[in-house]
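Worksheet: the structure to be examined is printed underneath.
Nothing in this text is a laboratory measurement; each read-out follows from the coordinates by a stated rule. Only a predicted model underlies this, so the values are computations on that prediction, with no experimental measurement involved. Glycine gets a Cβ as well: all are built from the backbone with ideal geometry, and neighbour counts include every protein chain shown.
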Amino acid sequence: MHFQELIHHRQSVRRYSNQEIDPSLLNKCLEAARLAPSASNSQPWTFVVVNDPELKNKVAAQTYDKVVNFNKFAQDAPALIVFVIEKPKVITRVGAFIKNKEYPLIDIGIAAEHFCLQAAEEGLGTCMLGWFNERPIQKLLHIPENKTIGVIVTVGYPSADYKQRHKSRKSFDEVVKYNSYTT
């Protein structure tokens, strides 16, 4: 798939089949994430693959509750990838302090998108989750308390009845400015 086709094809999948993910495909996606660029090449990440069904369901249950249940579909994904933010290099931390930027969050976002684009190329569906109960997930996965979970990505084969949706995005002219924010 050409890159433009890939970015038009990739979407958040919220219905999965129960087909097991080919480990070699999952590893290709993880390798794409591993190779993502990061501030000062800090690579401030660890990817925790949760594919044991019982454990995956316990982690997925921490992405929704009775009031906020829009992530309930996470139970149906065969695997979850938990992107843990690691401490960046000193130069990155100094730059982050001076510029008031959270470079590791930016880096995790880039790595997650690399993962998702590779998954789409391999015929897998993904959805990035930012709503989750961090402490219980840390305990379930033995992630140290001083670490932060940046994002969780659901991954699996889309269900047979899953249809490609039309992407609803702001127009090009609404989001692109040349040489000045105001015109």
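Below, the figures for the structure above:
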quantity: Proxy reagent accessibility, fewest Cβ within 10 Å first, across Thr182, Thr92, Thr126; calculated: Thr182, Thr92, Thr126
quantity: Long pairs among Lys89/Lys147; Lys99/Lys170; Lys56/Lys139, criterion Cα-Cα beyond 19 Å; calculated: Lys99/Lys170
quantity: Extension gain, Gln4 back to Ser24 (0.36 nm per residue minus Cα-Cα distance, nm); calculated: 4.7 nm
quantity: Cut-off of 10 Å, at most 13 other beta carbons, DSSP loop: longest stretch of the chain lacking such trypsin sites (Lys or Arg not before Pro); calculated: 1-65
quantity: Along the chain, longest interval not containing exposed chymotrypsin sites (Phe, Trp or Tyr not before Pro), exposed being DSSP loop plus at most 14 other Cβ atoms within 10 Å; calculated: 1-69
quantity: Cβ-Cβ FRET estimate between His142 and Tyr162, R0 fixed at 30 Å, reported to 0.05; calculated: 0.35
quantity: Computed label-point distance, nm, for sites Val175 and Phe70 using a 7 Å Cα→Cβ extension; calculated: 1.7
quantity: Cβ charges +1 (Lys, Arg) and -1 (Asp, Glu), total dipole of segment 3-159, debye; calculated: 560
quantity: Net charge of neighbours whose Cβ lies under 14 Å from the Cβ of Asn51, counting Lys and Arg as +1 and Asp and Glu as -1; calculated: -3
quantity: Potential extension, Asp52-Trp131 segment - 0.36 nm per residue separation minus Cα distance; calculated: 26.3 nm
quantity: Exposure proxy ranking, count of Cβ atoms within 10 Å, fewest first, for Thr63, Thr154, Thr148; calculated: Thr148, Thr63, Thr154
quantity: Those GluC sites (Glu not before Pro) in segment 1-50 that DSSP places in a loop and that have at most 16 other beta carbons within 10 Å; calculated: Glu20
quantity: Positive dipole terminus of the chain, leading residue within Tyr178, Leu140, Pro78 (C-beta point charges); calculated: Tyr178
quantity: Percent of C-alpha pairs per 10 Å bin, segment 21-177, short to long; calculated: 10, 35, 35, 17, 2
quantity: Value of [θ]222 nm, deg cm²/dmol, for the chain, DSSP H segments ≥ 4, -39500 (n - 2.57) each, nearest 500; calculated: -11000 deg cm²/dmol
